[in-house]
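Chemist: Below is the structure I would like to discuss, written out as C-alpha cells.
The values are calculated or read from the model by the stated rules, or taken from the named source; none is laboratory data. Treat the numbers as computed from the prediction; the structure is a model and nothing was measured. No Cβ is skipped: glycine too gets one built from the backbone with ideal geometry, and neighbour counts run over all protein chains shown. Note: areas computed on protein heavy atoms with side chains; ligands, DNA, RNA excluded. Shrake-Rupley method; radii C 1.70, N 1.55, O 1.52, S 1.80 Å.
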Amino acid sequence: MAQPQPKSVRGIEHVWIPMSDGTRLSARIWLPAGPESAPVPAILEYIPYRKRDMVRARDERNHPVFAAAGYACLRVDMRGSGDSEGLMTDMYGRHELDDVLAVIDWIAAQPWCDGSVGMMGTSWGGTASMQAAARRPEALKAILAVCATDNRFDDDIHHMGGCLLTDTVEWGATLPAILASPPDPETVGAAWRAMWMERLDNIAFPLEQWIAHETRDSYWRNGAVNEEPGAIACPILLVGGWFDRYSNTVMNLMARSHERCWGIIGPWSHHYPDVASPGPGIDFQGEAIRWWDRWLKGRDTGIDREPRLRVWMQSWDAPRDHIDLRSGQWAGFQSWADSHREFWLTESGLVEEKSGEETVARVPWSLAAGASAGDTGYFGRTGGQPGPQEDDGSSLIFESEPLIESLDLLGSPAITLKVESDQPVATLVVRLIDVPSKGAPARVSYGVANLAQTDRGTTVRSMKPGEPRALDLVLHNTAYRFEPGHRLRIAVSSSYWPMIWPSPRPVTLALHLGETCLRLPLAPEQDSSGRPVLFDGPVLRDQSDSFIAQALPALERGTDEGVIWWNQPAIWTGLEKIALDFGFETNARHSVRGDDPLSAATRFEHRMYFRREGLEIEIRCFAKLAATSAHYRVEGHLAAFENGTRVFERSWNPEVPRTCS
C-alpha cells in the first residue's frame, strides 16, 4: 500500500526526557508537519543502539514514514547509552525497566501527543516493548515487537535448552563496546567527555554473569514475559523470522496470550522484514501503519480480520551458506497444533507403528557434529545458514520411507525419549531433516537439551551413569512442507560445536528405541475467509538524511585445521547531516583439537569507529572463553582511543564454576 513520504515531516534531533532521579534520556523526534495545535498518537522505540549514529539509517527507514502518516515518533537512547546520561551495567536492569514507564508518561503529556502511545522495536526494542506492556501503563495502547524474545533463558542468545551458546561470547564483546562509546559532543555539548569518562570508569563485563547463571533462576526470569504471559492486555503484533534465534517467540507467546494477539513469521533473519534475508521481504512500514491506524486512531484497516498467524510455509531448498529467496508460500491460520503424526525410532528407521523391540542404540561422540549448523541467525549476518547436513555422518540417524503425499507441519516437533549417559553432564541434540530424492539433506528444525538439568532448566539434575531417564525434547517451531518422495530423517548427536559449548568430557549416550517417539505437528486447514495471504514487497522510500556507504566489504568465512572462523571487515557509513563517519568490524574464531572438549576455545573481537573533523574515537573489545572440567575461563579486554591516543584500558579474567554444563 502506498504511504506518505517523509517530506511532510518535521524532525527534532535532540530532546531531553527527565527521569525522577535527575538523569536525562536523549530522544530524537519526528513530527507530522502542520499545526502544532493538532495532537497525534505517538510511537516509541526504546533501545541502547545509539540513535545518533549506529542505527541512524535504520531509524530513517521507519520513523519519518510513520510521522508522515500522522504519528509523533520517538527514538530514545536507554540510560547509559548513546547520548543519554547515566550508566548501564547489564541488560534489563531496574532503571531500564522503570525508565520506559516514565518515558511513556512524558510522551503522553506532551502537547503534540493526544495521549495514546504505541511501542515498537526489533530485538532488544521488541523485547522492551513487551516488557513495558506487561506493566500496563495507561497510555500504552498497542505494541509491535519484531525478532524479540519472551523467554530470556531458552530463547535468547545466551543459552538454549540449558546449553551455553557461543553467541553469548560475541555479545559479551559487542555490548561493552557499544556502552563504552561516547555521546556526541554536538548533541550533549561540552559535558560529553565527562560523560564518556564516567561510562568508561564504570564499564562492566556482563558476560561473566551470563555464563555464571546456568539455570533458569531469578536472573533470567527478570524481564522474561513468558513468566507472566497474561500480563499484556493491549493488542500485540509479533513479527519473526524462521532464520532468527528468536523464531519461537511468535507462536509460543501467541499460544499463551489473549485473542488480540497476531503473528507474522517470514523466512528472514534478525532484522526488520523490509531488508532482511532470505527473502521474500515485505512492506513492513505499510503493515505497521495498518496496525497503528487500527489501534491508535481507531480506523478500520482490516488488520484485525487477518488470520491470527501469517507464516511463510517453507519447502526444500538446496542448503547453502546464503539463500536470496526462500522456497515456499504465504499461508494463514487461526489456530494450530490440533493434531500430530507419530513416528517411532527403531533399528529399521522411522516407522509409524510402535515396535515391541526394546533395543538400545549408541550415539557416537564427535565434535564434528555441528560444523554444518550455520549461525543461530541472531545477529542477522549475511550467510551463515545451515549447509548440507554433513553432521549426519557424526550422528545416529533414523530415516523414513519416501512420503507418498506431501506433509505440512506447523508448530513444534517434539520427541519423547528414554536416554542414558555414561557421564553426569551431557548434551543431547536432535535434528529434523528433509532428505530429497535428489539433492542434499536440509535441516528443518532442531532442539537441544542439557541432560544435567530438569526439563525446564530450573534445577541441576545430573545424569546417573547407566540409569535411563525419560525426556520430552521440544524442537524449534517451524512451518514446513515435506514434498512427496522426500524422506524424514532424525539425527541425534551429543554435541553441536561451535554453536553450543561442549560438555566437559566425551559422552556416550544410549537411546532406548522402544520408548522413543517423534511427534510432528500437522498444519490445520488454512484460514477459511477465502482471502489469500499476500504482502506488498519492500518499498524503497526516500530518507530524509543522506547516507553514503563508504565501504561495504563482504563477510569472509573459512575453516582451517580445527578452526572455524569468520571476519566482517570494517563497514563504513558516512552520515552527511551530522558530518560523521561511523564504522564497525567483528571477527570470530572457534577452535578445538580433535574430539577433546577441554581444548575448545571461542574468541570474538568487536571494534567501533567514530570520525569527524578534529575528533576520532575508536573502541576495541574482545572476549574469549575456554574451560576446564570444573571452570569456565573468561577473558575480556576493552580499550578506548581518542585521536590515536589510548585514554582507557581494562581487562577482566574471571573463572566461573561449571555447575551443570
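Chemist: Over all alpha-carbon pairs of region 452-580, lay out the pair-distance distribution in 10 Å bins, whole %, shortest bin first.
Modeler: Histogramming region 452-580 at 10 Å steps yields 7, 19, 20, 22, 21, 10, 2 percent.
Chemist: Collect residues whose amide H, placed 1.01 Å from N in the peptide plane, falls under 5 Å from the amide H of Ala72; neighbours closer than 5 in sequence don't count.
Modeler: Those lying under 5 Å, H to H, from Ala72 are Ala42, Ile43.
Chemist: Compare the peptides 345-353, 551-559, 469-477 by average per-residue count of other Cβ atoms within 10 angstrom and give them in order, highest first. Before the final figure, lay out each step's value.
Modeler: Values: 345-353: 15.6, 551-559: 12.0, 469-477: 18.0.
For the peptides 345-353, 551-559, 469-477, the packing ranking is 469-477, 345-353, 551-559.
Chemist: Quote the relative contact order of region 185-295 in percent (integer), defining contacts as alpha-carbon pairs under 8 Å separated by 6+ residues. Don't skip to the answer; put the middle values down first.
Modeler: Values: 100 pairs, mean separation 18.5, N = 111.
Over region 185-295, the number comes to 17 percent.
Chemist: Got a sec to turn the phi values of region 212-225 into Karplus ³J(HN,Hα) couplings, 6.51 cos²θ - 1.76 cosθ + 1.60 with θ = phi - 60°, whole Hz, x for Gly and Pro?
Modeler: Couplings: 5, 8, 8, 10, 6, 9, 5, 4, 7, 6, 4, x, 8, 5 Hz.
Chemist: For the chain, what does the relative contact order come out to in percent, with C-alpha contacts under 8 Å and a separation of six or more?
Modeler: So the answer I get is 13 percent.
Chemist: In square angstrom, what is the accessible area per residue of the chain with a 1.4 angstrom probe?
Modeler: Here the residues of the chain average 36 Å² of exposed surface.
Chemist: Show me, for region 312-323, the HN-Hα J-couplings you get by feeding each phi into the Karplus relation (A = 6.51, B = -1.76, C = 1.60, θ = phi - 60°), rounded to Hz, glycine and proline as x.
Modeler: For region 312-323, the Karplus curve yields 8, 7, 6, 9, 4, 10, 4, x, 7, 4, 9, 10 Hz.
Chemist: Amide H neighbours of Ile47 under 5 Å, at least 5 residues apart or on other chains, H built in the peptide plane: list them.
Modeler: Here the answer is Val76, Met78, since their amide H atoms fall under 5 Å of that of Ile47.
Chemist: Right, here's the next one. Work through the residues other than Trp572 whose Cβ is under 15 Å from its Cβ and net out their charges, Lys, Arg +1 and Asp, Glu -1.
Modeler: Net local charge, Trp572 excluded: -2.
Chemist: Can you tell me, using C-alpha contacts under 8 Å and at least 6 residues apart, the relative contact order of region 498-586 as a whole percent?
Modeler: The normalised contact order for region 498-586 reaches 20 percent.
Chemist: Counting Lys +1, Arg +1, Asp -1, Glu -1, what net charge surrounds Glu655 among other residues with beta carbon under 14 Å of its beta carbon?
Modeler: Net local charge, Glu655 excluded: +1.
Chemist: Each residue of region 367-383 in turn: what ³J(HN,Hα) in whole Hz from Karplus with 6.51, -1.76, 1.60 and θ = phi - 60°, glycine and Pro shown as x?
Modeler: For region 367-383, the Karplus curve yields 7, 6, 5, x, 5, 9, 6, x, 7, 6, x, 4, 8, x, 5, 5, x Hz.
Chemist: Restricting to DSSP H runs of at least four residues, report the calculated mean residue ellipticity at 222 nm for the chain, -39500 (n - 2.57) per run over all residues, nearest 500 deg cm²/dmol.
Modeler: Numbers: 10 runs with 97 residues, N = 661.
Calculated at 222 nm, the ellipticity per residue is -4500 deg cm²/dmol.
Chemist: With the dipole of region 349-481 worked out from charges on the C-beta (+1 for Lys and Arg, -1 for Asp and Glu) around the Cα centre, which of Ala440, Gly356, Thr382 lies farthest toward the positive end?
Modeler: Final value for the positive-end residue is Thr382.
Chemist: Within a Cβ distance under 13 Å of Glu198, other residues only, what is the Lys/Arg minus Asp/Glu net charge?
Modeler: Computed value for this residue: +1.
Chemist: Pull up the cross-link candidates among the lysines for Lys577, meaning alpha carbon to alpha carbon under 22 Å and not fewer than 8 places away within one chain.
Modeler: Lys7, Lys51
Chemist: Taking amide H atoms as placed 1.01 Å from N in the peptide plane, list the residues 5 or more away in sequence, or in a different chain, whose amide H sits under 5 Å from that of Phe648.
Modeler: Ala640
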